[in-house]
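Visitor: Mind having a look at this structure? Questions to follow.
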Amino acid sequence: MDQLVLEKPIYFYVLIAIPVIVVGFLLLLVWKKSIQKKFIDKELLKKLSPNRSIFKSTLKIFVLCLAIALLSVALVNPKIGTKLETMKREGVDIVFALDVSKSMLVEDIAPNRLDKSKQLITQIINGLAGDRVGIIGYAGSAFPQVPITTDFGSAKLFLNGMNTDMVSSQGTAITQAIEMAQTFYDDESQTNRVMFLVSDGEDHEGNIAKIAEEAAEKGIRIFPIGVGTIEGGPIPIKKNGVLQYYLRDRNNEQVISRLGQETLKKIAQTTNGEYIDGANTKAVVDSVKSILGGMDKKEFEAKQFTNFKDQFQWFLAGALFLLVLDVFFLERQTAWLKKLNLFNEKEKQ
């Protein structure tokens, strides 16, 4: 069965031009009729312009709108996958747990902790080959963002959309993220299960040691990536990119969030992992490559559609044809249109 994929769906916004053109056309008709009533008699106008055709004008607008619709679809570039293949791949199951709590908005590391974390994960995924990845988001609770998959493009797309408003309950529940990660590894024979915990290390639930030990017993190695600084900084609350205020506690004192290295290092030690400083993107990517390169790869099957074929050319050809056709449409009546007598008009003797 063929699968349809839209390469750039953002170009559907071009369709907004259609109602704008239609409304503009209707307003123009009303304006022309109003002006004509003021300056010329209706019967005289018919004599001066006997072949005037509202149908032709409407047809021109319809053809133009249809051309814009086809052009929009062409820009979106629909693709059809013609073949489903089972690929043999070798790799490691990797789960990224991304902290999306409010403390990740601190700007002690540019541009802020959350954006830096997403950059790190994106660069790590870009360097992967036959591995499978999954993504978890967590704050006061954890939630699955991307299940284990070989579709790196989709994983990065969903990663890019993650933000601090995704979880209503605030906090930093590292334990829940680790617990959820254990459910992501669906291959019992996979010997290497890797989790990259990308966080500033703050935890408001405790009991990390016990959960980390359980993960270690299941063969999960956790490599925390610390994002932030020891000095820390205030937590900015912004609206549309404009700073509104800095977060304060119950005593109305400004909250300062600092990197909790000790917590992250303890998790790494318990699970036979390694703590990674997230300050330098290249250093992080190199460390991850080195870690994964020393692991045994597991062979698994991955089904995917191949031979995707572009379909934009058909819609583009249709749009160009209609635009050319629109140029040759005259707004006056033609002989064939008169014969149709669409509006049941009687010729005057």
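The values are calculated or read from the model by the stated rules, or taken from the named source; none is laboratory data. Quantities reported herein were computed from a predicted structural model and do not represent experimental measurements. Cβ sites come from the backbone with ideal geometry, for glycine too, and all protein chains shown count toward neighbours. Keep in mind that these areas ignore ligands, DNA and RNA; they rest on the heavy atoms of the full protein, side chains included. Shrake-Rupley method; radii C 1.70, N 1.55, O 1.52, S 1.80 Å.
Visitor: Label E231 and I256 with points 7 Å out from Cα along Cα→Cβ: what is the distance between them in nm?
Guide: 1.1
Visitor: Show me the ranking of peptides 140-147, 288-295 by mean Cβ neighbours inside 10 Å, starting with the highest. Don't skip to the answer; put the middle values down first.
Guide: Working: 140-147: 17.0, 288-295: 14.2.
For the peptides 140-147, 288-295, the packing ranking is 140-147, 288-295.
Visitor: Also, quick follow-up: Take the Cβ-Cβ distance between T122 and L26 as r, set R0 to 35 Å, and report the resulting FRET efficiency rounded to the nearest 0.05.
Guide: FRET efficiency, T122 to L26: 0.15.
Visitor: On to the next question. Rounded to the nearest 0.05, what FRET efficiency do D165 and K282 give with R0 = 22 Å and r taken as the Cβ-Cβ distance? Could you check? Spell out each step's value before the answer.
Guide: Details: r = 30 Å, r/R0 = 1.39.
FRET efficiency, D165 to K282: 0.10.
Visitor: Further, regarding this structure: What nm distance separates the two modelled labels at N240 and S34, each placed 7 Å from Cα along Cα→Cβ?
Guide: So the two model labels end up 3.2 nm from each other.
Visitor: Right, next: Could you sort Y185, Y245 by their accessible area in this structure, using a 1.4 Å probe and putting the largest first?
Guide: In descending accessible area the options line up as Y245, Y185.
Visitor: If you don't mind, another one. Rounded to the nearest 0.05, what FRET efficiency do D326 and L157 have when you use their Cβ-Cβ distance and R0 = 51 Å?
Guide: Efficiency, rounded to the nearest 0.05: 0.85.
Visitor: Set the bar at 21 Å for Cα to Cα. Now go through K102/K210; K156/K282; K116/K218; K102/K239 and name every pair that lies beyond it.
Guide: The answer is K102/K210; K116/K218.
Visitor: Further question: Using a probe of 1.4 angstrom, how much of the accessible area of segment 153-286 is carbon and sulfur, in percent? Mind dumping the intermediate values first?
Guide: Values: 3200 of 7100 Å².
Result for segment 153-286: 45 percent of the exposed heavy-atom area is carbon or sulfur.
Visitor: Counting heavy atoms of the protein chains only and a 1.4 Å probe, report the per residue accessible area for segment 213-288 as a whole number of Å².
Guide: On a per-residue basis, segment 213-288 sits at 60 Å².
Visitor: Going by average Cβ density within 10 Å per residue, which order do the peptides 128-138, 158-168 take, highest to lowest?
Guide: Order by mean packing, descending: 128-138, 158-168.
Visitor: Further question: Can you pull the accessible area of K297 for me, 1.4 Å probe, Å² to the nearest 10?
Guide: Counting only protein heavy atoms, the figure is 90 Å².
Visitor: Summarise the long-distance tail of P(r) for segment 118-276 by giving the % of C-alpha pairs beyond 23 Å.
Guide: So the pairs more than 23 Å apart make up 41 percent of the total in segment 118-276.
Visitor: Can you say what percent of the DSSP beta bridges in segment 89-188, counting only those with both residues inside, are antiparallel? Round to 5.
Guide: Given both bridge residues lie in segment 89-188, the antiparallel proportion sits at roughly 40 percent.
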